[in-house]
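The values are calculated or read from the model by the stated rules, or taken from the named source; none is laboratory data. For clarity, every value in this text was computed on a predicted model and none was experimentally measured. Here the Cβ positions follow ideal geometry from the backbone for every residue, glycine too, while neighbour counts run over all protein chains shown.
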Amino acid sequence: MYPHLIYDRDAATFRGKISSDKWIDHARTAFAVDPRIALSMTLRFPTNAALQSEITQLVQTRLLELRTIPEALPFFITPKAVNENSALLQQLPHWAPCSVTQALEFLTPPYKGHPRVMAYVLRVLETYPPETVTFFMPQLVQSLRYDEGGECVPEESGKDSAAPVATAFHSLLPAVRQKIVDSFTPDARDMFEREFDFFDKVTSISGVLFPLPKEERRAGIRRELEKITVPGDDLYLPTATNKLVRGIQLDSGIPLQSAAKVPIMITFNVVDRDGNPNDIKPQACIFKVGDDCRQDVLALQVIALLRDIFQAVGLNLYLFPYGVLPTGPERGIIEVNILCVKGYLAARRHMNGILTTVNLMVDSGLPCFSRGDPIGNLRKRFHPEMNEREAANFMVKTCVDAYNKWTTAGYDLIQYLQQGIEK
């Protein structure tokens, strides 16, 4: 069903000669063999009106046979059907669950919060594991805007358009949050409060540093970290819930480069929740204040969706959406890419083999061996004098240094000047 990547003039001419009646015949034949084939044809030929119309008619006249095929939903669950309160909507209680992204479409204004459609969406979400639903939490929260008759709740106008505005939507969110918190058991609530209080204190360091001169900020991070203790052994990293926090590396705090804010990187000592409790490893996170981290989340959601799509069709394209968690208005935590650290540690274990491979080419006349001590310099990059923890911290710092490079800052400046996107 994939389109040819090479333009075929004869094939294009042949397709141009297919009449609408012939397309209808093709649709009926495909539907008779397997409705899924016919539904796939509409994806392959999305602009073919005759094909789309015939498939729609076939679906709507044979609904009882298609209840196990969620791909058929868009052919009868439409804004028009919602407007007319069509009898077709009565099929939804019996329909197989669709994808989460399809369910999210039913939460948009054109579907006007129709009770039958909303009931189906809730049933779909309940069939997926919590982590899948949580992935789409930003979209689910925003969909509350359209909960009343499909109309976006209007925001009150004010003199300062940049200031937060009071809306029915915004006033609803604290009530929803409180209802969730009130449902916790005493133990769960205690853990929730300790978790949020701890990381709120760490995040707040970013705001404390802002008035300080740049040369004093690193010392300022350490002073603030010394005031913070880990309240219990069950706290976890918000960006990696399988990592339990055992402590903070007090000297690890690094202020990151930013024109308007002071994001900071902190390294924690962590253990795997289900692993060896004595196997303590470093894990770094970046804490931001004054940035709307939901933008990062949205970009990473798209990357994650593309990763899943590529995997599903067997394309070996590597994407790694790291963790980002908004923890409040213009506050958030960003996961430092631990794969870089793991890759560096793995490469160190095979340092000798790599050095031997390169060393045998020293007398080959390659320009890269023409000056200095290339083998010695390569060996130094592996830092064989360091133990694993020291090497891991070194690579974390290297990642942060790359974040702070003038080229990175220059790119951020260009983004800000051209598009108003702040780092």
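Tabulated data
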quantity: Conditions (1) farther than 28 Å from Glu388 by Cβ; (2) under 22 Å from the mean Cα position of the chain (by Cα): number failed by Ala284; calculated: (1)
quantity: Residues located in region 55-85, provided they are under 32 Å from the mean Cα position of the chain (by Cα), of a type in the set (A, V, I, L, M) and in a helix (DSSP H, G or I); calculated: Ala72, Leu73, Val82
quantity: Residue selected from region 222-245 under the condition of a type in the set (A, V, I, L, M, F, W, C) and outside any helix (DSSP H, G or I), by the criterion nearest to Tyr322 (Cα to Cα); calculated: Ala240
quantity: When residues of region 182-196 are limited to those that are within 28 Å of Cys285 (Cα to Cα) and loosely packed, with under 13 Cβ neighbours inside 10 Å, the one farthest from the chain's Cα centre (by Cα); calculated: Asp187
quantity: Selection status of Gln249, free of Cβ contacts under 8 Å to residues at least 60 places away in the same chain and among the polar types (S, T, N, Q); calculated: no
quantity: Total residues in region 208-221, condition in a helix (DSSP H, G or I) and loosely packed, with under 15 Cβ neighbours inside 10 Å; calculated: 4
quantity: Residues within region 229-258 that are of a type in the set (Val, Ile, Thr) and either outside the structural domain of Arg273 (by TED's automatic domain parsing) or surrounded by fewer than 15 Cβ atoms within 10 Å (Cβ to Cβ) (or both), tallied; calculated: 2
quantity: Some residue of region 344-355 being outside the structural domain of Pro263 (by TED's automatic domain parsing), within 33 Å of the chain's Cα centre (by Cα), within 30 Å of Leu306 (Cβ to Cβ) and modelled with pLDDT under 85; calculated: no
quantity: Matching option when the condition is closer than 27 Å to Cys340 by Cβ and free of Cβ contacts under 8 Å to residues at least 24 places away in the same chain, among Asn269, Asn278, Asn242; calculated: Asn278
quantity: Sole exception among (1) farther than 24 Å from Phe394 by Cβ; (2) within 26 Å of the chain's Cα centre (by Cα); (3) touching a residue at least 12 places away in the same chain (Cβ under 8 Å) for Val302, by number; calculated: (3)
quantity: So Pro282, is it crowded, with 16+ Cβ neighbours inside 10 Å, within 15 Å of Ile205 (Cα to Cα), at pLDDT below 90 and not hydrophobic (A, V, I, L, M, F, W, C); calculated: no
quantity: Selection count where residues are under 23 Å from the mean Cα position of the chain (by Cα) and farther than 22 Å from Leu212 by Cα, scope region 246-269; calculated: 1
